[in-house]
1. Exactly one condition in (1) under 29 Å from P178 (Cβ atoms); (2) in contact with a helix residue (DSSP H, G or I) (Cβ under 6 Å, 6 or more places away or on another chain); (3) assigned to a helix (DSSP H, G or I); (4) at pLDDT 95 or above is false for F51; which is it?
2. Are any residues in the range 106-132 over 20 Å from D175 (Cβ atoms), over 15 Å from the mean Cα position of the chain (by Cα) and surrounded by 15 or more Cβ atoms within 10 Å (Cβ to Cβ), and if so, which ones?
3. (1) surrounded by 14 or more Cβ atoms within 10 Å (Cβ to Cβ); (2) in contact with a helix residue (DSSP H, G or I) (Cβ under 7 Å, 6 or more places away or on another chain): which one isn't true of A63, the others all being true?
4. Filter the range 136-156 down to the residues that are part of a loop (DSSP other than H, G, I, E, B) and either surrounded by fewer than 18 Cβ atoms within 10 Å (Cβ to Cβ) or of a type in the set (A, V, I, L, M, F, W, C) (or both) and list them by number.
5. Give me a count of the residues in the range 153-182 that are out of contact with any strand residue (DSSP E or B) (no Cβ under 7 Å at 6 or more places or on another chain) and either free of Cβ contacts under 8 Å to residues at least 24 places away in the same chain or of a type in the set (F, W, Y) (or both).
6. Can you tell me which residues in the range 69-112 are hydrophobic (A, V, I, L, M, F, W, C) and not in a helix (DSSP H, G or I)?
7. Could you give every pair whose Cβ atoms fall below 9 Å, whose first residue belongs to the range 1-12 and is at pLDDT 95 or above and surrounded by 12 or more Cβ atoms within 10 Å (Cβ to Cβ), and whose second residue is assigned to a loop (DSSP other than H, G, I, E, B) and among the aliphatic types (A, V, I, L, M), counting only separations of at least 6 or pairs across chains?
Amino acid sequence: MQLAEPVVALFDYPIADIVAALPDAGSPVWDLATFRQNNFAPHAVTRSIVFRWPAPGWKPGSAPVVLRATVLPADLTAAIDACADRIATEVGGEAVRVTLAELPPGGRIEAHHDIGNLTLIHRCHLPIVTSDDAVLTVERKPHRLRAGTVYDFDNTRLHSAANRGPAPRVHLLCDVLPFELMR
């Protein structure tokens, strides 16, 4: 969604429950959902855990049907759902896509901008595991996002990400569809 600023800090969120339930890097849960990696070239190096996603066919002016994963660990799902619901309330919409995205050490998401229905949503990021060596770059300006702070960022602008740190970077991505687009 187009914003006045490329990256906007919204609020702090306590992430201890998410961190405690986060599967380790070797868990097969990280490999259950591969749509994002397989269909969007910039994200080929990432792994995801997908909690919610919109059913195909949504059009502006109608309420989306949001599907939910049913095979994920209950403690992780509860922690993520609580967070996504809070983000949606704060932004003023419905969380239609909720994903944990892992960028491995040395990983890079090439510069791109989102298109189509993705330009209508608020793309919120909540860093769960990060470091000063993980950078989100928007229009050639680097942003180091702090763990535990929810950010809205303008995904219509050219953006990329890099993790030069020694550990995976994990962000919760929460796409919030504003209520006014459901009417």
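1. Failed condition: (3).
2. G107, R108, S131 - these are the residues of the range 106-132 that are over 20 Å from D175 (Cβ atoms), over 15 Å from the mean Cα position of the chain (by Cα) and surrounded by 15 or more Cβ atoms within 10 Å (Cβ to Cβ).
3. Going through (1) surrounded by 14 or more Cβ atoms within 10 Å (Cβ to Cβ); (2) in contact with a helix residue (DSSP H, G or I) (Cβ under 7 Å, 6 or more places away or on another chain) one by one, A63 breaks only (1).
4. Here is the first cut: in the range 136-156, the residues part of a loop (DSSP other than H, G, I, E, B) are 139-140, 144-148, 154-156.
The answer is E139, R140, R144, L145, R146, A147, G148, T156.
5. 1
6. To start, the set of residues in the range 69-112 that are hydrophobic (A, V, I, L, M, F, W, C) comprises 69, 71-72, 74, 76, 78-80, 82-84, 87-88, 91, 95-96, 98, 100-101, 103, 109, 111.
Those that are hydrophobic (A, V, I, L, M, F, W, C) and not in a helix (DSSP H, G or I): A69, V71, L72, A95, V96, V98, L100, A101, L103, I109, A111.
7. Final answer for the pair search is V7/L145; A9/L145.
The values are calculated or read from the model by the stated rules, or taken from the named source; none is laboratory data. Given the structure is predicted, the values throughout are model-derived calculations rather than measurements. A quick note on method: Cβ atoms are made from the backbone with ideal geometry, for glycine too, and the neighbour counts reach across all protein chains shown.
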